[in-house]
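Worksheet: one structure, shown below.
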Amino acid sequence: MLTKEEVVKISQLARIQLTDAEVEKFQKQLSTVLDYVEELKKVDTNGLEEVSQVTGLVNVQREDRIEVADNHEQILSQAPEIKDGYYKVKAIL
């Protein structure tokens, strides 16, 4: 069981202010979590493969590569106004 001083220290490290009632509440809750972690440490995991995710999904993003666009004139032809080969827009500040 965590002591009240340990819970206060944890709250200070997390920069969280706790009331006395919250310290008592979290003392019980954090102790329960830590007890469960101790139980998990007892599980024999020898021979098991490490798993980072279980869905089997893989990265589906495309490879990042440079492509030259050859339709610059076609794109600019759709602009309402053009100046020096660029879209002309109103200045906003």
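At 222 nm, what value in deg cm²/dmol follows for the chain if DSSP H runs of at least 4 each add -39500 (n - 2.57) and the sum is divided by all its residues, to the nearest 500?
On the way: 3 runs with 37 residues, N = 93.
About -12500 deg cm²/dmol.
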To the nearest µm²/s, what D does Stokes-Einstein give for the stretch 40-93 at 37 °C and 0.692 mPa s, using the Kirkwood radius over alpha carbon pairs as Rh?
184 µm²/s
What residues have an amide H closer than 5 Å to that of residue 2, excluding those fewer than 5 places away on the same chain, when H is modeled at 1.01 Å from N in the peptide plane?
31
In debye to the nearest 20, the charge dipole size for the chain, taken about the Cα centre with +1 at each Lys and Arg Cβ and -1 at each Asp and Glu Cβ, equals 440 debye
Per-peptide average of other Cβ atoms within 10 Å, ordering 61-67, 4-10, 14-20 highest first:
4-10, 14-20, 61-67
Between 0 and 90 degrees, rounded to the nearest ten: what's the tilt of helix 20-41 against the longest Cα principal axis of the chain?
90 degrees
Note the angle between two axes, namely the Cα long axis of helix 4-13 and the longest principal axis of the Cα atoms of the chain, as a number of degrees from 0 to 90, rounded to the nearest 10.
20 degrees
With N residues in the chain, Rg(alpha-carbon) / (2.2 N^0.38 Å) equals 2.43
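Where a number appears in this text, it was derived from the coordinates with a stated rule and is not lab data. Worth saying up front: this structure is predicted, and the values here are computed from it rather than measured. FYI the Cβ positions are ideal-geometry reconstructions off the backbone, even for glycines, and counts take in every protein chain you see.
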